[in-house]
Amino acid sequence: MPVPRIVLASASPRRRELLELIGIRYTAVPADIDESIIGAEKGAALAERLAREKAAVVAQRYPDAFIIAADTVVDLNGSLMAKPGTEAEAFEMLRALSGKTHIVFTGIACAFNGKIISAIDEVSVTFRNLSDAELHAYIATGEPMDKAGAYGIQGYGATIVQRIDGDYFAVMGLSLVRLVNIMKQLGVEYRFQDGAQTV
């Protein structure tokens, strides 16, 4: 069976890296959607809704392709953290997370042949205690500025995360085991070395 065109509905370098890690060939097409919180929306609901909206928007442009979309939200005791707009915002986020445990919700949604299947991963992440000097030094690397919660677990941020309970790749931005399971549900088989093909 032919391999469907795979489109990643994201501009995230981390999600691109993860697909490349498992040999999936894709085209990246960022989804331009409003990511505002609706009402009293909680972290899990927000992450899954945004992933579904991203998948739906890009599927309209590429109706024959297999669409992969995701969204990550950081939740500290019910307070949701998106990407920081400034270094000052990044500092406040990181200082709030220092020495505490928070939840990372990563929603995934895949669209194919007119269907969308979505799911959510919930991962507990604990930071070590960080001094203000360490926070400023981390922010100076530039890494926090395009990430929910102002950190990346796969980069310099690996030195500030003390513990993780759950799917590491979900914290990075895309659960690969979840992706493979959803692909199968939508009739696309992941194959080692060959990427994916319809079944």
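The values are calculated or read from the model by the stated rules, or taken from the named source; none is laboratory data. Since the model is a prediction, treat every value here as computed from it, not as a measurement. Using ideal geometry, Cβ is built from the backbone for each residue, glycine included, and neighbour counts are taken over all protein chains shown.
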Does Gly78 qualify as being surrounded by fewer than 19 Cβ atoms within 10 Å (Cβ to Cβ), under 28 Å from Gly39 (Cα atoms) and either among the charged types (D, E, K, R) or at pLDDT below 95 (or both)?
yes
Looking at segment 117-148, which of its residues are at pLDDT below 95 and among the aliphatic types (A, V, I, L, M)?
Met145, Ala148
Considering segment 81-116, residues that are within 16 Å of Gly43 (Cα to Cα), of a type in the set (A, V, I, L, M, F, W, C) and in a strand (DSSP E or B), and then whichever is modelled with the lowest pLDDT, we arrive at Met81
Of Ala40, Ala88, Ala70, the only residue that is surrounded by 17 or more Cβ atoms within 10 Å (Cβ to Cβ) and either touching a Lys or Arg at 6+ places or on another chain (Cβ under 7 Å) or not aromatic (Phe, Trp, Tyr) (or both) is Ala70
Would you mind finding the one in Ala119, Ala111, Ala150 that is crowded, with 17+ Cβ neighbours inside 10 Å and on the phi > 0 side of the Ramachandran plot?
Ala150
Restricting to segment 6-37, and then to whatever is polar (S, T, N, Q) and part of a loop (DSSP other than H, G, I, E, B), can you tell me which residue is surrounded by the fewest Cβ atoms within 10 Å (Cβ to Cβ)?
Ser36
